[in-house]
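Just below is one structure, and these are the notes that go with it.
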Amino acid sequence: MLVLGVLAAGLFAFAPAPGLGGAGAGLLPGQVDGAWLLVHEAFGLGIGPGGPVPLADAVASPAVVSAFLLYLAFSAALWGGILDRLARQRRVGTGPFWAACGVHGVRFVRLYLIVIPVYTAVFRWLFPLLLAAAARLVDGSDGMLVLGVASVGLVPLLAGVGVIVEFARVRIVVEDRHSAIGAVAAAARFIRRRPGRVTLLYTINLAAVWVLVAAWSSVQADPSTVAGWLAAVVWLVLRIAARLASAGAAIAFFQSELAHAGYAAAPIPMWPDSPTVEGLRNLRI
């Protein structure tokens with residue numbers, strides 16, 4: 001699944017798209033604020049490594065919006081199977097994995113239909129207000145300083161939304177919840193009762209991602225060369241591995257609090273036997 005994730009990420013990261021400046025525009029060293037990565041971050045850990053501005057700009061592009069929705073549908077299905085496998089902590093087989101992708105992926109899409117308006121409201125209305133307030137507090141001519149001050153108010157909000165989404169997905173998979181609204185409410189209750197430990201877990205996961213981002217930002221490689229392309233692939237592998245570790249940690253923490261290791265409410269989907277096998281089992285001598 002890690003290889004599949006890398007291929008999918010590479011497809012979206014390096015494919016040319018109108019309005020994005022060509023292939024690999026978001027994955028150049030020191031410019032890891034591409035729209036595809038930010039989409040992944042927005043519904044993963046809550047904030048992107050390039051900050052909120054690139055995502056706000058991306059929303060205005062129809063090409064990016066269409067790719068955003070395509071990526072969202074694909075990632076919802078894939079993460080449904082991945083989280084189910086992580087929750088069970090044992091091999092489930094190809095058929096049950098893709099069955100879990102279909103079952104939980106549909107529920108994740110419903111969850112994202114709740115989350116998308118929240119992010120849209122934050123970047124479309126709240127963030128400009130924060131920028132205006134920051135410009136009044138500091139020297140408005142220093143754009144980076146204004147952005148930094150505005151981010152002080154924006155980052156905690158995005159982090160809060162991200163961690164709620166994370167545990168909502170965990171509760172959908174582990175408890176086999178059908179309602180996205182119920183999963184969000186249950187995730188908020190879970191976090192409210194354990195704010196310190198959840199914050200510590202989230203901080204550790206986020207720190208690991210930012211270490212990778214900082215390391216990648218310091219790399220000076222030309223993506224048009226084989227060495228540069230391989231460096232980008234290695235970074236994607238490490239980034240996806242960190243994301244899988246983050247999801248696994250959230251699941252393990254939830255199971256340790258309200259269930260037990262390897263617990264998942266839904267049974268493993270099994271392909272039914274053929275009528276001949278079923279008839280032999282029911283045969284009475």
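Exposure proxy ranking for Val103, Val138, based on other Cβ atoms within 10 angstrom of each Cβ and starting from the fewest, stands as Val138, Val103. With the simple spin-label model, which puts each label point 7 Å out from Cα in the Cβ direction, the Leu70 to Ala245 separation comes to 3.2 nm. Placing a pseudo-label 7 Å from each Cα along the Cα-to-Cβ vector at Val234 and Leu283 gives an inter-label distance of 6.0 nm.
On the beta carbon distance between Ser179 and Ala215, with R0 = 35 Å, the FRET formula returns roughly 0.30.
Taking amide hydrogens as placed 1.01 Å from N in the peptide plane, the amide H of Ala264 sits under 5 Å from that of no residue at least 5 positions away in sequence or on another chain. Taking 0.36 nm per residue of separation and subtracting the current Cα-Cα distance, fully stretching the chain between Val118 and Trp98 would add 4.3 nm.
Estimated at 0.36 nm per residue, the fully extended path between Gln89 and Val138 surpasses their Cα-Cα distance by 12.6 nm.
Dipole check for region 67-185: with +1 at the C-beta of Lys and Arg, -1 at the C-beta of Asp and Glu, and the Cα centre as origin, the magnitude is about 500 Debye. Shown here are the Rg and Dmax of the Cα trace of region 101-209, at 16.7, 52 Å.
The label-point distance for Ala207 and Val152, in a model that sets each label 7 Å from Cα toward Cβ, rounds to 2.3 nm. Cα centroid separation, region 72-146 to region 225-265: 15 Å.
From most to least packed by mean Cβ count within 10 Å, the peptides 69-76, 117-124 give 69-76, 117-124.
Paramagnetic label reach from Tyr263 (point 7 Å along Cα→Cβ; backbone nitrogen cut-off under 18 Å): within region 156-174, residues 167-174. Using the Karplus relation 6.51 cos²θ - 1.76 cosθ + 1.60 with θ = phi - 60°, the per-residue 3J(HN,Hα) values for region 245-251 come to 5, 5, 5, x, 5, 5, 5 Hz, with x marking Gly and Pro.
Read the figures in this text as sums done on the coordinates, not as results from a lab. This structure is a prediction, so every number in the text was calculated from the model and none was measured. Here the Cβ is made from the backbone with ideal geometry for all residues, glycine too, and neighbour counts use every protein chain on show.
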